[in-house]
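S.K.: What follows is a single structure, and I will ask about it in a moment.
The values are calculated or read from the model by the stated rules, or taken from the named source; none is laboratory data. Since the model is a prediction, treat every value here as computed from it, not as a measurement. Cβ coordinates were reconstructed from backbone atoms using ideal geometry, including for glycine residues, and neighbour counts include every protein chain displayed.
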Amino acid sequence: MSIRWKTPVYAQGEVVEMTPLDFLSKVPSPCDEKHTALEDLNREGCWSEGSVSYISQRIERGEELEPPMLDYTRMFRGFPTHEGRHTAFVMYRRGVEKVPVLVFGKEETLATRRWRLRAEAEKLVREIREEKAKHG
């Protein structure tokens with residue numbers, strides 16, 4: 001079954017095709033804003049089954065979906081303002097290779113890069129500490 005996407009009518013945004021996993025790597029997890037959604041992809045209870053079911057039903061009925069959106073002009077805790085996290089998750093589960101994403105602004109500002117790198121460093125430190133705790 002093909003996925004039907006609404007054509008965005010926003011003059012300022014650009015429609016970019018990306019993989020669902022690429023989109024999920026750019027937005028916060030529904031469970032923990034310190035992680036990307038990609039990091040919590042398989043985390044139990046993280047994704048709203050109601051949202052997943054609703055999106056899946058809309059696809060089955062052949063309804064058009066709003067494309068996911070990233071707005072780099074409005075950042076929050078190092079992530080772009082976004083919509084469509086669950087839609088991208090459903091597309092990933094269905095094996096969809098590319099999704100249209102409405103993007104506003106530059107993909108990564110210096111502030112975003114700094115925040116992302118700090119979050120990655122903190123994650124690495126946590127992993128090292130956990131590993132050391134396991135092995136004494």
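S.K.: Please go through (1) loosely packed, with under 12 Cβ neighbours inside 10 Å; (2) farther than 30 Å from Arg126 by Cβ; (3) at pLDDT 90 or above for Ser2 and return the number of the only condition it doesn't satisfy.
M.R.: Of the numbered conditions (1) loosely packed, with under 12 Cβ neighbours inside 10 Å; (2) farther than 30 Å from Arg126 by Cβ; (3) at pLDDT 90 or above, the odd one out for Ser2 is (3).
Here's the yes/no breakdown for (1) surrounded by fewer than 18 Cβ atoms within 10 Å (Cβ to Cβ); (2) at pLDDT below 85:
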position	(1), (2)
Val9	yes, yes
Met18	no, no
Phe23	no, no
His35	yes, yes
Ser48	yes, no
Ser56	yes, no
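S.K.: Tell me, yes or no, whether the stretch 54-68 has at least one residue that is without any contact (Cβ under 8 Å) to a residue 60 or more places away in the chain, in contact with a His (Cβ under 9 Å, 6 or more places away or on another chain) and either hydrophobic (A, V, I, L, M, F, W, C) or under 17 Å from Pro28 (Cα atoms) (or both).
M.R.: The answer is yes, given that some residue of the stretch 54-68 is without any contact (Cβ under 8 Å) to a residue 60 or more places away in the chain, in contact with a His (Cβ under 9 Å, 6 or more places away or on another chain) and either hydrophobic (A, V, I, L, M, F, W, C) or under 17 Å from Pro28 (Cα atoms) (or both).
S.K.: Out of the stretch 120-134, which residues are over 19 Å from Arg77 (Cα atoms) and among the acidic types (Asp, Glu)?
M.R.: Across the stretch 120-134, the qualifying residues are Glu127, Glu130, Glu131.
S.K.: Looking only at residues in the stretch 15-29 that are under 17 Å from Asn42 (Cα atoms) and of a type outside the set (S, T, N, Q), which one is nearest to the chain's Cα centre (by Cα)?
M.R.: Leu24
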